[in-house]
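The values are calculated or read from the model by the stated rules, or taken from the named source; none is laboratory data. Given the structure is predicted, the values throughout are model-derived calculations rather than measurements. Counting neighbours? That spans all protein chains shown, and the Cβs are built from the backbone with ideal geometry, glycine included.
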Amino acid sequence: MFEQSFKNIDDILHKDAGCGSELDYVEQTSWVLFLKYLDDLEKDKENAALLSGEEYTRLIEPTYQWTTWAAPKLADGKIDHNAQTGDDLLDFVNNELFPYLKKFKSNATSADTIEYKIGEIFSELKNRVQSGYNLREVVALVDELRFRTHAEQLEMSHLYEGKIKNMGNAGRNGGEYYTPRPLIKTIVKVVDPKIGETVYDGAVGSAGFLVEAFDYMRHPAGAGNKNKQLSTADIETLQKKTFYGKEKKSLAYIIGIMNMILHGVEAPNIIHTNTLAENIADIQEKDRYNVVLANPPFGGKERAEVQENFPIKTGETASLFLQHFIKILKAGGSAGVVIKNTFLSNTDNASVAIRKELLENCNLHTVLDLPGGTFTGAGVKTVVLFFTKGEPTKKVWFYQLNLDRNLGKTNPLNETDLADFVALQKTKAESKNSWNVRLSDVDQTTFDLSVKNPNTPEEAPLRQPNEILEASPLARKFLPCQTT
């Protein structure tokens, strides 16, 4: 049901003059989807309150509720086809609905409420659909969707992730939005965040890491909670006091918030800000987190004034983010961070200094070396750094993911590909794909951590042409006679 509806919505938006790319399709589908989801959420709360003999006051006033403007019903329960459409619908959405929802931000009691997030979303977004008739068709399709059961919410959230993936591959800002979900799930599994710990992503994008961490931590068998049902206090903690993120770009920020809400976190603690514009010298203990999960943008360059916020100056965005992550992690905290593989061996002063800081202040216990093609269209090879803060590195366990196929858009990474890594990582066992390196054996001036698998059989040296000829019986017939 969801998949076909999403395709039909894309077809409608493709015809609209205001929507030119997959990014626009996702943005416009998102706000309509969000308002329908919010209406279903309010209905569920209303019904729960009724069963408890309590009264529930809806957040949205009747005039602006979904069933009033988007899907008004006749007395027999059928859709009223005389509902606003065309220019009348556009006028209502642009000049009444959006301004009304925008005010929720200033009227909210605190930033960790769904009211505040509603206001944030509609302060950042604008309706780009230029035809009121197209908008009416989109609204009608979304109204047919249901988010009332867990199965329905799960199906919808998976398909929404698929739309985010398409958005990430649409061209603009590609690598900054989408990290393969099998990789995120694996990173979360290895870091193993526990209820009561805070989880942070300073380059949150579409919030993939926070969403997967939430799914992992709320599952009774995950995060050390085997055979344990979550208490009301646990659920409250996961909802309001666990997940934190920062995002610089407007669209990614809004998509991240809505992605978390659609996955079940009602008031995500995501801030719209440039993480790198903050001076890391100002980070205090109260600002730190137990867990860092992130894939910071790679290949970007930062201006000189941004670099002044860091003790080790570099224009490389990912290297600045890594300094930020080390600083903002609590002592004893754990991290899983994706970064370009060249970080392990670059010889420039900044890279050497950051590696030295990482190895001296953190235990870099695991490095996962990923094959090319892991990130669709990225064109670079990456590694995942797993480290804990508070003790120096003595030994690093490397795992090189060697697959018998080339990764790409039609042949993406899957969880089965990473199963051997997850199994071996628990004991840091050595295999044909994994090995240990003692830091005392690493060059203490460059701290070069290049991925060089010592278990790969050495190829035989190439033979000289005359050796090949002499070894060939056929070739020997035609060799000139040698005279003495």
Could you grab the pairs with beta carbons closer than 8 Å, sequence gap of 6+ or different chains, first residue in region 409-431 and assigned by TED's automatic domain parsing to the domain that holds T366, second one in a helix (DSSP H, G or I) and polar (S, T, N, Q)?
E415/T186; L418/T186; F421/T186; V422/T186
Positions within region 119-145 being within 26 Å of the chain's Cα centre (by Cα) and either assigned to a loop (DSSP other than H, G, I, E, B) or not assigned by TED's automatic domain parsing to the domain that holds T29 (or both), in sequence order
L125, K126, N127, R128, L145
Flagged in region 394-403 as surrounded by 22 or more Cβ atoms within 10 Å (Cβ to Cβ) and either within 22 Å of the chain's Cα centre (by Cα) or β-branched (V, I, T) (or both), in numbering order, are V396
Considering only residues that are among the polar types (S, T, N, Q) and without any contact (Cβ under 8 Å) to a residue 24 or more places away in the chain, which ones fall in region 264-305?
Q284
May I ask you to list the residues in region 404-426 that are assigned to a loop (DSSP other than H, G, I, E, B) and among the hydroxyl-bearing types (S, T, Y)?
T410
Looking at region 26-44, can you tell me whether even one residue there is farther than 18 Å from I261 by Cβ, surrounded by 13 or more Cβ atoms within 10 Å (Cβ to Cβ) and under 34 Å from the mean Cα position of the chain (by Cα)?
no
Looking at region 326-339, I want the residues that are more than 13 Å from T382 (Cα to Cα) and have a partner that is among the acidic types (D, E) with Cβ atoms under 7 Å, at least 6 apart or on another chain. Which pairs are those?
I326/E357; I328/D287
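Has region 66-81 got any residue that is aliphatic (A, V, I, L, M), touching a helix residue (DSSP H, G or I) at 6+ places or on another chain (Cβ under 8 Å), under 24 Å from H272 (Cα atoms) and surrounded by fewer than 19 Cβ atoms within 10 Å (Cβ to Cβ)? Before the answer, list the steps.
Initial filter on region 66-81 (aliphatic (A, V, I, L, M)): 70-71, 74-75, 79.
Now restrict to residues that are touching a helix residue (DSSP H, G or I) at 6+ places or on another chain (Cβ under 8 Å): 70-71, 79.
So of that shortlist, the ones also under 24 Å from H272 (Cα atoms) come out as none.
No, region 66-81 contains no residue that is aliphatic (A, V, I, L, M), touching a helix residue (DSSP H, G or I) at 6+ places or on another chain (Cβ under 8 Å), under 24 Å from H272 (Cα atoms) and surrounded by fewer than 19 Cβ atoms within 10 Å (Cβ to Cβ).
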Pick from region 73-116 the residues that are within 19 Å of L141 (Cβ to Cβ) and small (G, A, S): which of them is modelled with the lowest pLDDT?
G77
In the set V380, V384, which member is at pLDDT below 90, within 20 Å of the chain's Cα centre (by Cα) and of a type outside the set (S, T, N, Q)?
V380
Please list, ordered by residue number, the strands (runs of 3 or more DSSP E) wholly in region 262-343 having 2 or more residues that are crowded, with 22+ Cβ neighbours inside 10 Å, within 17 Å of the chain's Cα centre (by Cα) and at pLDDT 95 or above.
289-294, 329-340
Of all residues in region 427-449, how many are of a type outside the set (S, T, N, Q), closer than 21 Å to S351 by Cβ and in a loop (DSSP other than H, G, I, E, B)?
5
